[in-house]
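First the structure, in the form of structure tokens, and then the observations on it.
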Amino acid sequence: MINVTIWNEFLHEKLHEEVTRVYPEGIHIALQKGLASDKLNIRTATLEEAEHGLTEEVLQQTDVLVWWGHMGHDQVADHIVDRVHARVMEGMGLIVLHSAHFSKIFKKLMGTGCDLKWREANEKERIWVVNPGHPIASGIPEYINLEHEEMYGEHFDIPAPDELIFLSWFQGGEVFRSGCTFYRGQGKIFYFRPGHETFPTYYNEHILKVIDNGIHWAKPTITATPVRGNHAPLEIL
Ligand code: ZN
């Protein structure tokens, strides 16, 4: 079993009727239900909980953290961001969804501005698989069509991804690197673009499959324990 924590700021769903209609229980609960399987042990956490639901204990028990945020990025306490960052360095996987490109944790891990081009015009998105051999693309068709999504376009201000898995095309003509992996410390990070709060994207079976694949890919692997700092020589000098 992989221990997964789905973190959602859970603000739009309570404030905006058009979002409540799509995700009445919140994006985190929709994802928890959509991803339910005998291989995942899923809990959720939200901004309003004490320590945003991300206590030391919760994070120590989390193999992969899924993050959705938008209007509440600034309300996430810096010491919690540092705590999540430390766990990623130790090997916890992190799945960063949609507008979490501007979350404190993603920006800290990337070290760049993470800005992009955007437009809310209900346009079609076609997500192309550009790395079909990658485990995150397993079982996904050549492309995924989403009839209605927000546009995100290049330039996306991220470091060159370690792996590029999906490339999105939008009806208005823009393209976007919509599925990217990054390795930081012992941790694996997967950024996946779709999931604007007013559209039912997280009910799409292919989108859920990509996130499920991402969780399985990002789970901690048994690695050598890194040794650093001042050290006595192994041979006689
Ligand atoms: Zn959005």
Exercise for the section: Filter region 163-182 down to residues that are in a strand (DSSP E or B) and over 18 Å from Ala137 (Cβ atoms), then give me how many there are. Expected result: 1
Handout entry: Selection status of Val66, crowded, with 18+ Cβ neighbours inside 10 Å and more than 25 Å from Met89 (Cα to Cα)
Key = no
Fill in the blank from the handout: Picking from Leu54, Leu59, Leu65, Leu47, the residue that is aliphatic (A, V, I, L, M) and under 17 Å from His101 (Cβ atoms) would be Leu65
Practice task
Evaluate the following for Lys117: is it of a type in the set (Lys, Arg), more than 14 Å from the ligand (Cβ to nearest atom) and either closer than 21 Å to Ser178 by Cβ or buried (at least 21 other Cβ atoms within 10 Å of the Cβ) (or both)?
Solution key: no
Practice task
From Ala224, Ala232, Ala218, grab the single residue that is over 25 Å from Glu13 (Cα atoms), among the hydrophobic types (A, V, I, L, M, F, W, C), more than 16 Å from the ligand (Cβ to nearest atom) and in contact (Cβ under 8 Å) with a residue 40 or more places away in the chain.
Solution key: Ala218
Handout entry: Yes/no for Ile158 being buried (at least 20 other Cβ atoms within 10 Å of the Cβ), away from the ligand (no atom under 16 Å from the Cβ) and not polar (S, T, N, Q)
Key = yes
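Could you list all residues from region 74-88 that are in a helix (DSSP H, G or I) and over 16 Å from the mean Cα position of the chain (by Cα)?
Asp74, Gln75, Asp78, His79, Ile80, Asp82, Arg83, Ala86
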Problem - Residue count, region 87-102 (criterion: in contact with a Phe, Trp or Tyr (Cβ under 6 Å, 6 or more places away or on another chain) and within 16 Å of the ligand (Cβ to nearest atom)) - result: 3
Practice task
Evaluate the following for Glu125: is it touching a Leu at 6+ places or on another chain (Cβ under 6 Å) and within 21 Å of His196 (Cβ to Cβ)?
Solution key: yes
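One line per residue, one yes/no per condition, for (1) touching a helix residue (DSSP H, G or I) at 6+ places or on another chain (Cβ under 7 Å); (2) within 16 Å of the ligand (Cβ to nearest atom); (3) within 19 Å of Tyr203 (Cα to Cα):
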| position | (1), (2), (3) |
| --- | --- |
| Asn3 | no, no, no |
| Leu15 | no, yes, no |
| Gly26 | yes, yes, yes |
| Lys33 | no, no, yes |
| Glu49 | no, no, no |
| Gln61 | no, no, no |
| Trp67 | yes, yes, yes |
Fill in the blank from the handout: Those strands (runs of 3 or more DSSP E) completely within region 1-73 that have 1 or more residues that are of a type in the set (S, T, N, Q) and touching a residue at least 40 places away in the same chain (Cβ under 8 Å) are 2-8, 40-46
Completion exercise
Considering region 210-230, residues that are part of a loop (DSSP other than H, G, I, E, B) and at pLDDT 95 or above, and then whichever is farthest from Gly187 (Cα to Cα), we arrive at Asn230
Exercise for the section: Take Phe190 and decide whether it is in contact (Cβ under 8 Å) with a residue 12 or more places away in the chain, within 16 Å of the ligand (Cβ to nearest atom) and of a type outside the set (Val, Ile, Thr). Expected result: no
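The values are calculated or read from the model by the stated rules, or taken from the named source; none is laboratory data. Bear in mind the structure is a predicted one, so any value in this text is a computation, not a measurement. Neighbour counts run over all protein chains shown; Cβ positions are idealised from the backbone, glycine included.
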